[in-house]
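Values in this text are rule-based calculations from the coordinates and carry no lab data. Computed from a predicted structure; not experimentally measured. Heads up, the Cβs are rebuilt from the backbone with ideal geometry, glycines too, and the neighbour counts pull from every protein chain shown.
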Amino acid sequence: MDGYLITILSNIGMVSFVALSAYILLLSGQISFGQQAYFGIGAYVAGIATVMWQWPLAGALLFGSLAAGAAAGLVGLATLRLSGIYFAMATLAFAEIMRIAAELFVYRRDIGGIESGPDGVDGFRDIRYFFANEFSPLETCLIVYALLATVLAILCIIERTRAGRMLRQIGEDPLLAEVHGINVMSVRMIAALAAGAVAGLGGGLYAHLMTYVEPKSFDIMLGVHALAYGLIGGLGTAFGPILGVLIDIGLLESTRIFHGYRMIVFGGLVAVLLIVRPRGLLDEVAVSRIRRALRRRRDAGD
Amino acid sequence: MLELANLSKHFGGVRAVDSLNLKIEPGQIFGLIGPNGSGKSTTVNLITGLLDVTHGSITLAGEEITRLPTHVRLSSGIARTFQNIRLFGQLTVWQNLWVAENARAQRERTNFFSRWMGGDRGARARITRALEFSGLADKADELAANLAFGEQRRLELARALAAEPKLLLLDEPAAGMNPEEIGALDDRIRQIRDSGITVLLIEHHMELIMAIADRIAVLNFGQKIAEGTPAEVQAHPAVREAYLGTAG
Ligand SMILES: Nc1ncnc2c1ncn2[C@@H]1O[C@H](COP(=O)(O)OP(=O)(O)OP(=O)(O)O)[C@@H](O)[C@H]1O
Ligand SMILES: [Mg+2]
């Protein structure tokens, strides 16, 4: 497969994690502008684990994901009582604080004769795990998709459980959910932890595929895109945000059809969809229609 | 069943509910009436925990629930409808009932798996029964938002019932209904009482409430100005004054 295509596919895969992260919170009815922070935390922590502590990749990714989840939990304690615009602003503020903290973060050590580690504004270079272990781009791409498929499968299963339905009920009317015996705060807390962990996993992959990260990779633009992916692709299923990423990166960025106008086209697309289809292309109605059609087809096939 | 002692709710200077004492016996239909803004909905919001009590206490079946979080109160047996219909509009009729059914089940579930993963065989039968009781059996797969007004009211009632409450709070269930629908509602509320559920009914529709309430309390400016049987309340001078603005 050609290198350019693999790179694009890998990008789509990695960004999908942060899109799913924003999606989980959107389901619970909260708009976070800060999921990029957990992507960043996952990237730094996983990078430090393989480079500075010579951990194996799996352990590093898991640790990065857990660290991001824990950070999301702490931020959640402070922000989950807020709603609407206040929650959005608070999450953005926390993400900016973390980005600035990353600009100040210096942790350098001599690793095999080279000084390595996060170096403030200059970022964290030479995260060479894949290179050192002679992974091909195709192999790394497959790792991204294997993990993405796992996360997607888990989300799809959860959505069909009681917990998943509660999440949607809270998203629609938290007060009514509360009256129906749902502990809104604790369900939102679990959602925030999960969303942080998912973003952190993506961040860990990102650090190793790119081989370097810098604080400005995790600025608000990433967070805004992550939100927009769910809103474009649809909130009816976890495949919605992935569709959003495909449309943006796969179509607008990579094909160069809209070269130079990408942000305008993307912004316009978001605006139009918010008006005509406020819950995205694959919204609840579309998803239930697709499910019914699939069921009918399966029944007819028997 | 329910006892409010010295219950007050102040919004800044507004005393929406002011030292209210009420005692509702089990198995009653208890009517709560009063002019607009007299504190009826606020009382319901206090009982369900959506508003914090300024002072006073709420006791349900002998247990004080004044400071319990809202989501726990439903498990102690309180269900309600809203003055402005409140449904999960993007869920189907069936799913709306499922929510309440789920809430009922929460009471019995202690183990993590069944709590979060769900699945309950009895639920389907109970939801089907609730749909039939409310005349919504053929609408099960419709989105709640697409129902007609009267159907939405019925669904709200069905949903409150699906939680299998001990105490049902109805905030103006007849608002916006035509006489025929009100007749059906009258029957339904009596059936609910006869099935053993205590009902607190708030209504502006006097004919309905006078016909079915066992006992009525009248609020004005957050204070109880009269209480008794429908006949007693109707004859009460303070009530006439509150409603007509003249001493009767
Ligand atoms: N959240 C709130 N904040 C401030 N004031 C409030 C709030 N809720 C109610 N009030 C005030 O409390 C008083 C009682 O309101 P409430 O809604 O309980 O009246 P009600 O008896 O239900 O009236 P209606 O018959 O119109 O439904 C009113 O003066 C109202 O303006
Ligand atoms: Mg009211």
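Descriptive notes on the structure:
- The ranking of A:I111, B:I78, A:I242 by Cβ neighbour count inside 10 Å, starting from the fewest, reads A:I111, A:I242, B:I78.
- The angle between the Cα long axis of helix A:220-233 and the main principal axis of chain A comes to about 30°, on a 0 to 90 degree scale.
- Sorted by Cβ neighbour density within 10 Å, fewest at the top, the residues A:S16, A:S136: A:S136, A:S16
- For the protein assembly as shown, calculated [θ]222 nm from helices alone, where every DSSP H run of n ≥ 4 adds -39500 (n - 2.57): -18000 deg cm²/dmol
- Build a GNM of chain B with springs between Cα atoms under 10 Å apart, and of B:L131, B:L167, B:L147 the one that fluctuates most is B:L147.
- Chain B: most fluctuating residue of B:A123, B:A144, B:A213 per GNM, C-alpha cutoff 10 Å: B:A123
- Relative contact order of chain A, pairs being alpha-carbon contacts under 8 Å that are 6 or more residues apart, as %: 32 percent
- Highest-fluctuation residue, A:A238, A:A132, A:A192 considered, GNM on chain A with Cα pairs under 10 Å: A:A132
- Pairs beyond 22 Å (Cα-Cα), from B:K9/B:K166; B:K40/B:K139; B:K23/B:K224; B:K9/B:K224: B:K9/B:K166; B:K40/B:K139
- Three-way shape call for the protein assembly as shown based on the alpha-carbon gyration tensor, with the a/c threshold at 1.5: prolate
- Per the Debye formula on identical point scatterers at the alpha carbon atoms of the stretch A:1-121, with no solvent, log10 I(q)/I(0) at q = 0.09, 0.10, 0.19, 0.22 Å⁻¹ is -0.31, -0.38, -1.11, -1.26.
- The C-alpha atoms of chain B define a longest principal axis, and helix B:149-162 lies at about 80 degrees to it.
- Along the stretch A:5-16 the Karplus relation, 6.51 cos²θ - 1.76 cosθ + 1.60 evaluated at θ = phi - 60°, assigns HN-Hα couplings of 4, 4, 4, 5, 4, 4, 4, 4, x, 5, 5, 4 Hz to successive residues, with x for each Gly and Pro.
- Relative to the longest principal axis of the Cα atoms of chain A, the long axis of helix A:284-301 makes an angle of roughly 80 degrees.
- Peptide B:64-71 has a mean of 3 when you count, residue by residue, the C-beta atoms of other protein chains within 10 Å of its C-beta.
- Based on C-alpha pairs under 8 angstrom that are at least 6 apart in sequence, the stretch A:134-269 has a relative contact order of 14 percent.
- Distance between the stretch A:270-302 and the stretch A:42-79 - C-alpha centres, whole angstrom: 36 Å
- At 1.567 mPa s and 4 °C, Stokes diffusion of chain B via Kirkwood alpha-carbon radius, µm² per second: 69 µm²/s
- Separation of the stretch B:174-248 from the stretch B:6-25 is 19 Å, based on Cα centroids.
- Per residue, the Cα convex hull of the stretch A:3-231 amounts to 111 Å³.
- For the protein assembly as shown, share of DSSP beta bridges that run antiparallel, in % to the nearest 5: 60 percent
- Residues B:H205, A:H259, B:H71, A:H180, sorted so that the one with the fewest Cβ neighbours within 10 Å comes first: A:H259, B:H205, B:H71, A:H180
- Counting, for every residue in B:86-92, the Cβ atoms of other protein chains within 10 Å of its Cβ and taking the mean gives 5.
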